[in-house]
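The structure appears right after this line, and notes come after that.
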Amino acid sequence: MSQQFPEDFSQVHTQDKHKEIVQFGLHLLNLLGIVLTLYALYWGFKSQVFTQEEALRDLLATLGPAAPIGFILIQIIQTVIPIIPGALTIPMGTMIFGMGYGFVLNFIGIMVGSVMNFMLARKFGRPLVEMIIDEKQFNKYITWLDEKNRFDKLFTFGMFFPFSPADFLCYLAGLSNISFYKYLLILTTGKPFTLFIYSYGTMGMLTLFFQFFN
């Protein structure tokens, strides 16, 4: 009987290398995304876009009608690929587009991205999720899938709790046995609450932060 161990080991080693490269690239993009988002927020306060209605109107006129679509795309991307923290982009939406309209744009973008997370995980399985998500975080929560009711409770709590790894939990839900209908119901119920907290809470903290250094 021929032995395949060297070939199998080489294949696993290659997959691990690819995974390390992808995660390293995602970490770099995440760092870059944080820096650029913070700079955009700083510029917004410095140019009085977030504090003066006239300056905000001028900015929106410059961006044109494509601005809301562009912001929704940013929210979809940051939900599917964790390169920009949602805690920074969510308040930016409310600052630029206003409380009501910004909330709606945030909700649309994050909902679409969260549904994509679920569908991608369900179609491509664990290898894709392991490649995108940090290994420590993955190993911390993957055992929750062993018991159906246990994961359902975790997912429900995560959608209502603002500081949970919500995007990762959406990927993990795709690996679980939860139905898409139940997933969408929990997501639709919980997301408005966390968006409200991020929109108002984080915006207030950022306002105080930039005013302190102004």
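So Trp144 clears everything in (1) assigned to a helix (DSSP H, G or I); (2) touching a residue at least 40 places away in the same chain (Cβ under 8 Å); (3) among the hydrophobic types (A, V, I, L, M, F, W, C); (4) over 19 Å from Thr188 (Cβ atoms) except one condition, right? Which one?
(2)
I'm told Thr194 meets every condition in (1) over 19 Å from Met99 (Cβ atoms); (2) at pLDDT 85 or above; (3) surrounded by 13 or more Cβ atoms within 10 Å (Cβ to Cβ) except one. Can you identify the failing condition by its number?
Only one criterion in (1) over 19 Å from Met99 (Cβ atoms); (2) at pLDDT 85 or above; (3) surrounded by 13 or more Cβ atoms within 10 Å (Cβ to Cβ) is unmet by Thr194, namely (1).
Does Thr156 count as surrounded by fewer than 19 Cβ atoms within 10 Å (Cβ to Cβ), β-branched (Val, Ile, Thr) and closer than 23 Å to Phe196 by Cβ?
Judged against the criteria, Thr156 is a match.
Residue under question is Ile84, and the condition is that it be out of contact with any Phe, Trp or Tyr (no Cβ under 9 Å at 6 or more places or on another chain), under 30 Å from Pro65 (Cβ atoms) and not in a helix (DSSP H, G or I); does it hold?
So Ile84 fits the description; yes.
Mind checking which residues of segment 84-123 are farther than 21 Å from Leu184 by Cα, surrounded by 19 or more Cβ atoms within 10 Å (Cβ to Cβ) and not polar (S, T, N, Q)?
Ile84, Leu88, Pro91, Met92, Gly93, Met95, Ile96, Phe97, Gly102, listed by residue number.
How many of the residues making up segment 48-81 are outside any helix (DSSP H, G or I) and either more than 25 Å from the chain's Cα centre (by Cα) or at pLDDT below 80 (or both)?
Residues that pass the stated criteria total 6.
Restricting the search to segment 147-157, which residues are part of a helix (DSSP H, G or I) and over 16 Å from Thr189 (Cα atoms)?
Lys148, Asn149, Arg150, Phe151 - these are the residues of segment 147-157 that are part of a helix (DSSP H, G or I) and over 16 Å from Thr189 (Cα atoms).
Sort out which residues of segment 158-181 are part of a helix (DSSP H, G or I), within 22 Å of Gln75 (Cα to Cα) and either without any contact (Cβ under 8 Å) to a residue 40 or more places away in the chain or not acidic (Asp, Glu) (or both), and write them in order of number.
Once the filter is applied, which keeps residues that are part of a helix (DSSP H, G or I), within 22 Å of Gln75 (Cα to Cα) and either without any contact (Cβ under 8 Å) to a residue 40 or more places away in the chain or not acidic (Asp, Glu) (or both), segment 158-181 yields Gly158, Met159, Phe160, Ala166, Phe168, Leu169, Cys170, Tyr171, Leu172, Ala173, Gly174, Phe180.
The values are calculated or read from the model by the stated rules, or taken from the named source; none is laboratory data. Remember, it's a predicted structure, so these values are computed and weren't measured experimentally. Glycine gets a Cβ as well: all are built from the backbone with ideal geometry, and neighbour counts include every protein chain shown.
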